[in-house]
Amino acid sequence: MCGRYVLKREDLNALLRQLGVPDVSAFTSRYNLAPTSLVPIVRGPRPQRTATVAQWGLIPPWAASPGGSRLANARAESIAARPAFRDAFQRRRCVVPASGFYEWETRGGRKLPWYFSPPEGQPLALAGIWEEGIDAAPATFALITTEACPEVARIHDRMPVALPPEAAEAWLDPAQPAPALLPLLRPLPGDVLSATRVSPRVNQVRHEGPECLAPVAEADAAEDGQLGLAGFG
């Protein structure tokens, strides 16, 4: 699964320009985004394409209320068949801008966070699906996950689907038949992502700021093992 990710303002604006959407200048960089966070997503084909704020954690349209069960991730292997995701996969696809994402290594009963990201200045276009909000609530979305690429597989067996530019264009086009898009839901090729073990501050959702990305050698060693996993996604 993918339970946390990072979105820096400069990476958001770079991806929006790439996708032909105006910059979102009011957005503040976030370093510990977790399910229920309100974040930008991109929807629709050119030239009607827009960026909007949505809440991470998809609520299916049959849910009784906006506070119903939220689905943070959708597995690529079952997205076309699972009722909670099937219709959104066919009609409501989105791109979720990101700078990188976290996964956790279990070692000696402890959860050690690692940060995975492409080279500086190359944002990720994560594949997602969305649903309209209920009773005037914001739209909701889920990230799509697939098997991990070699860099991530050392730590975790799943990762979010990141789309190259040409694949993002096809993904956002509602005229594209959903079955034809299934081959896009694959892991990134090898040697694309760098892996950095980072501060255990990120283990708690209340912690924000660039300190979450501090390499563990630069983090306060006293924190390692003292910070728990409160709100771990």
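The values are calculated or read from the model by the stated rules, or taken from the named source; none is laboratory data. Nothing here was measured: the structure is a model prediction, and the numbers come from that model. Cβ placement follows ideal geometry from the backbone for every residue including glycine, while neighbour counts extend to all protein chains displayed.
Within the stretch 1-23, count every residue that is in contact with a strand residue (DSSP E or B) (Cβ under 6 Å, 6 or more places away or on another chain), over 15 Å from VAL39 (Cβ atoms) and not in a helix (DSSP H, G or I). Final tally of qualifying residues: 1. Do you know which of the residues in the stretch 1-46 that are more than 16 Å from the chain's Cα centre (by Cα) and of a type in the set (D, E, K, R) is modelled with the lowest pLDDT? It comes out as ASP23. Screening GLU10 against (1) farther than 27 Å from VAL152 by Cβ; (2) surrounded by fewer than 16 Cβ atoms within 10 Å (Cβ to Cβ) leaves a single unmet condition, (1). Among the residues making up the stretch 127-168, those that are in a helix (DSSP H, G or I) and crowded, with 19+ Cβ neighbours inside 10 Å are VAL152, ALA167, ALA168. Taken together, the residues in the stretch 202-225 that are within 19 Å of THR106 (Cα to Cα), out of contact with any helix residue (DSSP H, G or I) (no Cβ under 8 Å at 6 or more places or on another chain) and at pLDDT below 50 amount to 2.
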